[in-house]
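Asker: Pasting a structure below so you can have a look.
The values are calculated or read from the model by the stated rules, or taken from the named source; none is laboratory data. From a predicted model like this one, the values you see are computed outputs, not experimental measurements. Counting neighbours? That spans all protein chains shown, and the Cβs are built from the backbone with ideal geometry, glycine included. Keep in mind that these areas ignore ligands, DNA and RNA; they rest on the heavy atoms of the full protein, side chains included. Shrake-Rupley method; radii C 1.70, N 1.55, O 1.52, S 1.80 Å.
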Amino acid sequence: MAVPWEKYFRQALQEKLPKKTPEHNADHFPPVLRLLEKRQELAEADQGLRAQKEVFQTTMAALKLRREQLEKKEQELKGSFVRFDKFLQDAEARRSCALRRAAEERHRAGRREAQALRLRAQLEELQRERARLQRQLERLEPCARLLVQVLEQLPQFQEIPELVARFDALADTQAALRLTERQRLGELEEARARLQRLRDTWQDELLRQGQRRAQLLERLEAARERTLHWESKWVQIQNTAAEKTLLLGRTRMSALNLFQLVCQHQRQPPALDIEDTEGQLEQVKQFILDLSTMLASFPQAQPAAPAP
């Protein structure tokens, strides 16, 4: 850590100044001599400080030069590092490119090898097919001679392919007829089996239909009984409703008569509608309660004394 200039010179001055003289020597020197001695000591200290300052400045200049050299070397090292990193990156790029080209070459070599194997397999397959066709040709050679002989005996055919085509057409027709015959026979067998099943299930179906008819008749009879029962219930309900309606009319007439009597007794016109039976009954009830209260407030008559 750098020491400040003032602190450095102060420390150097303290080192140059002589130590304090003991107390017993102070009486042997006069003040003038002590002053001269002090000035000489200060001059020596000043000269020492100048020398140390020159040495310090020389040292600082050397350090500054060394620092500049170190910074220059640092910049050179940084440039070297950058160039080395660039060299490494270029080398890595060239290596990656070389590896990619090598991988592509291996891939192309593998594809060429696979293609060669596929072509070799195809060649072997073609050779086997050629051998098979050769064997088939040798096997069909007698048939070819026979066809030539047949063609000589049938003047309506000019070439062997015509004869073969005619034979193939007849063979196809025969196969189609046989297939049609098998289909018709299958359909006939299926129809016979279906007819036999219908014959077998006819009696069971008749029995089931008879049972179903009996069940339906029973349900019809039960429905008729329920209809008669509910018709009688409906007549009874209508009669009951008529009785209730008549009773309701009589009740409403009675309530209206009582309400009119109450109004006549109170000497005031009816204030309610004729159809408001509940209000009329409420007015009659209130009148009866008021009358009962009035009667209860009267003193009861004393019983008559018995005759002597």
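Asker: Anything in region 214-257 that is basic (Lys, Arg) and at pLDDT below 85? List them, or say none.
Answerer: Within region 214-257, LYS244, ARG250, ARG252 qualify.
Asker: Could I ask something else about it? Sort through ALA131, ALA45 and tell me the only one that's small (Gly, Ala, Ser) and within 30 Å of GLU162 (Cα to Cα).
Answerer: ALA131
Asker: Moving on to the next point. In this structure, does THR201 turn out to be surrounded by 10 or more Cβ atoms within 10 Å (Cβ to Cβ) and either within 60 Å of the chain's Cα centre (by Cα) or not in a helix (DSSP H, G or I) (or both)?
Answerer: Yes: the conditions hold for THR201.
Asker: From ALA171, ALA131, ALA116, ALA165, which residue is under 60 Å from the mean Cα position of the chain (by Cα), among the aliphatic types (A, V, I, L, M) and either at negative phi or not in a loop (DSSP other than H, G, I, E, B) (or both)?
Answerer: So the residue among ALA171, ALA131, ALA116, ALA165 that is under 60 Å from the mean Cα position of the chain (by Cα), among the aliphatic types (A, V, I, L, M) and either at negative phi or not in a loop (DSSP other than H, G, I, E, B) (or both) is ALA116.
Asker: Quick one: would you say LEU177 is of a type in the set (A, V, I, L, M), at pLDDT below 85 and out of contact with any strand residue (DSSP E or B) (no Cβ under 9 Å at 6 or more places or on another chain)?
Answerer: no
Asker: Taking region 261-296, which residues are open to solvent by 80 Å² or more (accessible area, probe 1.4 Å) and polar (S, T, N, Q)?
Answerer: GLN264, GLN268, GLN283, GLN286, THR293
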